[in-house]
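Okay, structure first, notes after.
Throughout, read-outs are computed from the coordinates displayed, never taken from laboratory work. What you see is a predicted model; the values in this text were computed from it and never measured. Glycine gets a Cβ as well: all are built from the backbone with ideal geometry, and neighbour counts include every protein chain shown.
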Amino acid sequence: DTAVSQTPKYLVTQMGNDKSIKCEQNLGHDTMYWYKQDSKKFLKIMFSYNNKELIINETVPNRFSPKSPDKAHLNLHINSLELGDSAVYFCASSPGDTQYFGPGTRLTVL
Amino acid sequence: QKEVEQDPGPLSVPEGAIVSLNCTYSNSAFQYFMWYRQYSRKGPELLMYTYSSGNKEDGRFTAQVDKSSKYISLFIRDSQPSDSATYLCAMRHAGGTSYGKLTFGQGTILTVHP
């Protein structure tokens, strides 16, 4: 059983499109995160939700909108995709101290 | 200046070598320290977690924290080809509005050759 899962694994799309990435965790954790990893492997936090409430928003453009329908799910919707959005997006969940990452979604914007 | 600086490598060592990976940080509010391993095209996997100065050992891995020098290390003994991956240090504050936010180093690519 996968603890933190993401769909899709790969996403290739044109500039200007809108796309969503889904994340689910079956660990029973209250807190979930979205991270962006650039081409140099640098991981940077984007958002954090605790029990469906936004607690961290790291100056991400408002084209990115996270949504948490319940504490096991945290989805990421991206409007008007730009070339610079190409990256690997990781979802993570936490019981309070450490964080457990999903397998990543590789987004390529053409 | 970045909050967390990690020796970028890449590092290439023969099988059986002792590997030392290092990070320095500037923010004394960081209280919890982690090392993650990331294989190519996979998510980061937690290797070690510590919150006090000193050493923590787990099998072939030893995490070392020196809060007075703002310096952390990960040592890998008897390195194996399967240890070839990118290693990321990460750290976080104890609480407040930044609770839970991990700040990562740039990662060190390690290759262990047979």
Per-residue counts of other Cβ atoms within 10 Å, averaged by peptide: what ranking do you get for A:84-95, B:21-32, B:48-59, highest first?
A:84-95, B:21-32, B:48-59
Using a 10 Å cut-off on Cβ to Cβ distances, tally the other chain neighbours for every residue of B:35-45 and report the average as a whole number.
4
Which net charge results for the neighbourhood of B:V13, defined as the other residues with beta-carbon distances under 13 angstrom from its beta-carbon, given Lys and Arg at +1 and Asp and Glu at -1?
-2
If you count, for every residue in A:98-104, the Cβ atoms of partner chains within 10 Å of its Cβ, what is the mean?
6
Which semi-axis lengths, in whole Å and largest first, follow from the square roots of five times the eigenvalues of the Cα gyration tensor of segment A:5-100?
22, 14, 13
Over chain B, what relative contact order in percent results from Cα pairs under 8 Å that are six or more residues apart?
37
Quick one: putting +1 on the C-beta of Lys and Arg, -1 on the C-beta of Asp and Glu, what dipole do you get for the protein assembly as shown around its Cα centre, in Debye to the nearest 20?
340
Charge tally for neighbours of B:A85 with beta carbon under 9 Å away, counting Lys, Arg as +1 and Asp, Glu as -1, is 0
Could you give the Stokes-Einstein D for chain B in µm² per second, using the C-alpha Kirkwood radius, 37 °C, 0.692 mPa s?
231
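Counting only other chains, what is the mean number of Cβ atoms within 10 angstrom of the Cβ of each residue in peptide A:44-52?
If you average over the peptide's residues, the count of other-chain Cβ atoms is 2.
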Leaving out same-chain residues fewer than 8 places away, which lysines sit with a Cα under 23 Å from that of A:K71?
A:K9, A:K19, A:K22, A:K36, A:K44, A:K52, B:K101
For the peptides A:5-12, A:40-47, what is the packing order when you average, over each peptide's residues, the other Cβ atoms within 10 Å and list the highest mean first?
A:40-47, A:5-12
Which net charge results for the neighbourhood of A:E58, defined as the other residues with beta-carbon distances under 9 angstrom from its beta-carbon, given Lys and Arg at +1 and Asp and Glu at -1?
+2
